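Structure record follows, encoded as structure tokens.
What follows is calculated from the coordinates using simple rules that are stated; it is not laboratory data. No experiment lies behind these values; they were computed from the predicted model shown. Positions of Cβ are generated from backbone atoms using ideal geometry, with glycine treated the same way; all protein chains shown enter the neighbour counts.
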Amino acid sequence: MSKKINRRIFLKSSLIVPGGLMTACSTPPPSSATRTKVLIIGAGLAGLNTARLLQRQGIEATLLEGKSQAGGRTLSMKAQGQSINMGGVEIGDGYRRFIDLVNEYRLELVAPDKSQRGLTIHRNNQLLHADDWGTSNTNPLSGKLKSVLPSRLQSTLHGQQFPLSSTLDWLNADLAHYDIPESQRLSELGASDAALELINRAGNFNDINTVSALHTMRAIANYKYSDSTKTLRLKGGNDQLAVAIANSLSDVRYNHTVADITQTSQGIVVTCNNGSQFITEKLVLAVPFSVLRKINLNIELPAQHQQAITNLPYTRITKMVARVDKPFWETDGLPGNMWCDSAIERCFLTFNKQGDASYTFFVNGTGTQALDQLPPKQAQVWLLKQLAKIRPATQNALTPLAFHSWGNDPYALGAYAAFAPGQISQFANEMVKPVSNNVFFAGEHCSREASGMEGALESSEATYQQLIDRLQ
Ligand SMILES: Cc1cc2nc3c(=O)[nH]c(=O)nc-3n(C[C@H](O)[C@H](O)[C@H](O)COP(=O)(O)OP(=O)(O)OC[C@H]3O[C@@H](n4cnc5c(N)ncnc54)[C@H](O)[C@@H]3O)c2cc1C
């Protein structure tokens, strides 16, 4: 048997060790590699805007995107003549960067569909109107929390004593003692085990014990101190801004999934799984760390970057949007919106301008585990069945239009970064810094002040500035 080791196997077996990577590879880059000054990986808002800012300064950048379209987590799916936002939904009217770009590209912001008022709660096999929660025998809370809805418990508890006074305070070293499990902080604020269980059921995180309290406080601060008074949507789907920026760039290459990044003495060599290769002076990694950790990274990284890339958790979200064929809420007399202690967690009922209703299933974190094992078609049937089991009026009332598991999407592997206890203190400040003046990081996970789509744009401005400082 041949003892020859191909280069990929060599990289895998000798250079990559868990938790720490490597020195520059002395193998010369292949002569067929495309040479670029700046190479950006990822055509989400962060990568696209970095390329746009560079192009405006006359600096050509090549952008590699694994999928066949731009937009990443602003994905909008088309069904029955509608654009359904499956990733980033809410565009705050205080999203200054996003709105400036909407104007620059002459796109149009519109009001969101109207939400139905009211909430139905399902707990311990009982279905009840949220107005009856405070006196229900299925309510396990006591004292002043008794009348607080499960969906409001977390923010109510934090609101009792909220130490962050700005959207940047989560990075304030004086507040690092809040970088503890969210469950611990909420217990200190008076949450019983029953309250923690209710919060954990449908919280915006994977698990209440493994997410940092400081991280969830950052999200509350973003809401509390935000300039936004209402939310908007992009006409035609929230991916339209990404599409417009991509169309204005000179060199975006789709279907280029990056598989290997190797520092060589002549530059950084990037290899895609379609066989194409690029060699660049400056590399911008605008993909989530959940994905970056799956790429063969043969570049020397400081310990904190390495820890962040390897360990930063991402919240899993699985979402389904269904057409409403029958007004089931009229049949059983309960509000359409639901908070459930069962596997479906939360559902939202909205109406478009024409009065057509749609129903969104939103499953978070550990709740996605069973669901994400199923192929998408089966998962959709499963969600409908779970709902019909606890709310019989929904039987044959809904038709799925769009479904997406962000945890299973290989180009996202989660919906958004969520620091674990201790990680903000450990690496949040360091992980956004360039490495060796030639590797840069951009994306929602690198934002400081803003979050979500606006955060991705904020981070691209910082990355652009870092690049410009080093390209002079
Ligand atoms: C369900 C959900 C709800 C959300 N709700 C909101 C909201 O209401 N408001 C809000 O502001 N934000 C929201 N967000 C967050 C927002 O959508 C993201 O923060 C933002 O779009 C991230 O942009 P990004 O450029 O950092 O990353 P991404 O959009 O993830 O871009 C990364 C790009 O890299 C590509 N890529 C990945 N791997 C590779 C590879 N190996 N090779 C080449 N390319 C690769 C991906 O395909 C993708 O295009 C939500 C997100 C989700 C998932």
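Return the equivalent ellipsoid semi-axes of the stretch 214-257 as a descending list in whole Å, where each equals the square root of 5 times an eigenvalue of the C-alpha gyration tensor.
Value: 32, 17, 9 Å, ordered largest first.
Against the 2.2 N^0.38 Å scaling, with N counting residues, where does the stretch 212-334 land? I'd like the Cα-based Rg ratio to two decimal places.
1.56
Can you give the Rg and Dmax of the chain based on its C-alpha atoms, in angstrom?
According to the Cα coordinates of the chain, Rg and Dmax are 23.4, 75 Å.
Kindly put H404, H129, H445 in sequence by how many other C-beta atoms sit within 10 Å of each C-beta, fewest to most.
Least crowded to most crowded, the residues run H129, H404, H445.
Hey, what's the per residue convex hull volume over the C-alpha atoms of the stretch 333-472, in cubic angstrom?
Spread over its residues, the Cα hull of the stretch 333-472 gives 175 Å³ apiece.
Rounded to the nearest 0.05, what FRET efficiency is calculated for K224 and K37 with R0 set to 45 Å and r the Cβ-Cβ distance?
The formula returns an efficiency of 0.60 here.
Once the Cα atoms of helix 193-202 and of the chain are each reduced to a long axis, what angle between those two axes, in degrees from 0 to 90 to the nearest 10, is obtained?
The helix 193-202 is inclined about 60 degrees to the chain.
At 7 Å along Cα-to-Cβ for each site, give me the label-to-label distance between A194 and T231 in nm.
Result: 3.1 nm between the two label points.
At a 10 angstrom cut-off on C-beta neighbours, averaged per residue, how do the peptides 161-168, 258-265 rank from highest to lowest?
Averaged packing, sorted descending, gives the order 258-265, 161-168.
Pull up all non-local amide H partners of L232: gap of 5 or more, or a different chain, and H-to-H distance under 5 Å with H placed in the peptide plane.
Under 5 Å from the amide H of L232 lie the amide H atoms of I91, G92, D93, each far enough along the sequence or on another chain.
DSSP beta bridges in the chain, what fraction antiparallel, as a percent rounded to 5?
Counting DSSP beta bridges with both partners in the chain, the antiparallel share is about 70 percent.
Take the Cβ-Cβ distance between T310 and N247 as r, set R0 to 30 Å, and report the resulting FRET efficiency rounded to the nearest 0.05.
Efficiency, from the Cβ-Cβ distance: 0.25.
Across the stretch 280-285, in residue order, what do the Karplus-derived ³J(HN,Hα) couplings come to in whole Hz, using 6.51 cos²θ - 1.76 cosθ + 1.60 with θ = phi - 60° and x for Gly and Pro?
With the stated coefficients, the stretch 280-285 comes to 9, 7, 10, 10, 10, 9 Hz.
Order the peptides 241-250, 353-362 from the highest to the lowest mean number of other Cβ atoms within 10 Å of their residues.
The most tightly packed comes first, giving 241-250, 353-362.
Looking at the stretch 94-152, I'd like the Rg to Rh ratio, where Rg is from alpha-carbon atoms and Rh is Kirkwood's inverse mean 1/r.
With Rg and the Kirkwood Rh in hand, the quotient comes to 1.32.
For the stretch 140-224, count the residues as N, evaluate 2.2 N^0.38 Å, and divide the Cα radius of gyration by that value, please.
Cα Rg divided by the expected 2.2 N^0.38 Å: 1.03.
Roughly how many nanometres apart are two label points built 7 Å out from the Cα toward the Cβ at Q116 and K294?
Rounded to a tenth, the inter-label distance reads 3.7 nm.
Cβ neighbours within 10 Å, averaged per peptide: list 112-123, 36-47 in order, most packed at the top.
The densest-packed peptide leads the list: 36-47, 112-123.
Under a plain spin-label model, where a point goes 7 Å from the Cα along Cα-to-Cβ, how far apart in nm are T138 and T331?
That separation, rounded to one decimal, is 1.8 nm.
Please give the calculated 222 nm ellipticity per residue for the chain, where each DSSP H segment of at least 4 residues contributes -39500 (n - 2.57) and the sum is spread over every residue; nearest 500 deg cm²/dmol?
That comes out to -7500 deg cm²/dmol.
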